[in-house]
Each structure stands twice: as C-alpha cells, then as structure tokens.
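**Q** I'd like to ask you about the structure that follows.
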Amino acid sequence: MKLWFKKISIVMITFITLGMFIPPTYLDTNADGAKGLDDSDSDPDLSSVSDGEGDLDDLELNEDDLTIDDDLTDGESLDEVIERITEEAREHTLKKLGPKIARQVEDDVLSAILPNIEEVLNTLVEQAGDSSYQNFVVAEEPSGGYGERIFNIHDSEANEDVAKFHVRRDNRPKNGYWFNFHYHLSSDGFEAHHELGEVYWDKNTPPKWMS
C-alpha cells in the first residue's frame, strides 16, 4: 500500500511541476529570436529607414542648383540705378536753388524742369549698356554764387564725366530774369547746349545760388 501511494505521489508531482519547467531548448529559441531582431538593425536597408539616412544621395545638392542668376549678383538693376541718380539729381537741383530762390520758383522747377532732367538721365543710363550704367554716379556739388553747375553724371570706372547739368541766368531787357536749365554731353566735348527748359524769376536781380 505504501509503495503504491509513493508511486502515485511521484507521478502527480511530476505533472504539477511540468508546467513550471522551461526546457533549455525554449530559452535558446527565444534567444535566437531576439538575436534575429538585433540583426535586423544592422541590415543596411532597415537601418537607413530608421536613421533617416537612406536618402542622403537624393538630398545631395547639385552644383547647378546652387548657381545664382548672374543678373542678381552684378549689383544694381537698371531701374535701381535710374532711381538712385534721379533722386540725387533732384536733391542737387533744390540745393542749387537755395532757400531764397526756391521760395519763389521751386514749384515751377519741380514741374517743368525736373521731369526733363529725369528723362535725360533715363536715356543716358539706357544707352550706356550693361557694362557701364552701374558705374554712374551723381558727382560734384552745386556751385554757389553765380556759377552754373548743378551736378555731373560721372562714370566711376572710366573716371570721366558723361554729362554736365547747368543753369544759367539770362537777363532779357524789359522781360526780366530767366533761369535757363541745360546740359552738356561728353560726346561733343561738352560744347553744345542741350535745353531742359526755362523758369521765370522776376525783373529784379535774383539772389546768388544756394543763398
């Protein structure tokens, strides 16, 4: 009886402990599976996806893509040069008049003379071509007293004047004083007078320029 009970007890203990026993082969299988997952990280295709490095070749910039339009690197555009020198020309013209003369004729100069000056400047810049117009600057200060100079257009690269803008006082008998605005060009040696227009002053002698 005791021998039989002992055998039954051994069998029951074996069944009870069987579920708690993990065979070594099962551990090896899990280890192999984990190793398989680690190996996937070293796969070139998978690692490139996870690290975001797979498309580096596609992200490399072609030198042609970095080329900047030559027109954007050459400096001022045609319109910018025209705007710059016309604004400076306006400032020089008003400075030339001076406060005393400007009080009486500024409106006439701005409406009748300045648009003609701007038109001539536009023509000079457009005729200069791409190689020269960016070098145009408004040079020289207006002359005071009875001098005629308002400003010059100077080619800074060639170091020469292109045009000279002047204003002359004309005393016409029985008709009073007029301001004659004109310009000279380097193409004829600054000899010819090219008219810009006239503004009437008065029968009385006008003040000195810039006074």
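**Q** By the gyration tensor of its Cα atoms, with a ≥ b ≥ c the square roots of the eigenvalues, what is the shape of the stretch 94-147: rounded for a/c under 1.5, prolate for a/b over b/c, or oblate?
**A** Note, shape of the stretch 94-147 comes out oblate.
**Q** Using the Cα atoms as the points, what is the convex hull volume per residue of the stretch 90-211 in Å³? Write down the numbers at each step before the final one.
**A** On the way: hull volume 12.0 nm³, N = 122.
Hull volume over Cα atoms, normalised by residue count, gives 98 Å³.
**Q** Turning to a different aspect of this structure: Accessible area of the stretch 120-184 with a 1.4 Å probe: how many percent of it is carbon plus sulfur?
**A** Here carbon and sulfur together make up 41 percent of the probe-accessible area.
**Q** Report Rg/Rh for the stretch 130-202, rounded to two decimals, where Rg is the Cα radius of gyration and Rh the Kirkwood radius. Kindly include the intermediate steps, with their values, before the conclusion.
**A** Values: Rg = 14.5 Å, Rh = 13.5 Å.
Expressed as Rg/Rh, it is 1.07.
**Q** Using the heavy atoms of the protein chains and a 1.4 angstrom probe, tell me the accessible area per residue for the stretch 96-211 in square angstrom.
**A** Ligands and nucleic acids excluded, the result is 52 Å² per residue.
**Q** Taking amide H atoms as placed 1.01 Å from N in the peptide plane, list the residues 5 or more away in sequence, or in a different chain, whose amide H sits under 5 Å from that of PHE190.
**A** LEU185
**Q** Same structure again: Between SER143 and LYS203, what FRET efficiency comes out of the Förster formula 1/(1 + (r/R0)^6) with R0 = 25 Å and r the beta carbon distance, rounded to 0.05? Before the final figure, lay out each step's value.
**A** Values: r = 25 Å, r/R0 = 0.99.
After rounding, the FRET efficiency stands at 0.50.
The values are calculated or read from the model by the stated rules, or taken from the named source; none is laboratory data. The shown structure was predicted, so the numbers you read here are calculated from the model rather than taken from an experiment. In this analysis, Cβ positions are derived from the backbone assuming ideal geometry, glycine residues included, and neighbour counts consider all displayed protein chains. We work out accessible area using only protein heavy atoms, side chains counted, and drop any ligands, DNA or RNA first. Shrake-Rupley method; radii C 1.70, N 1.55, O 1.52, S 1.80 Å.
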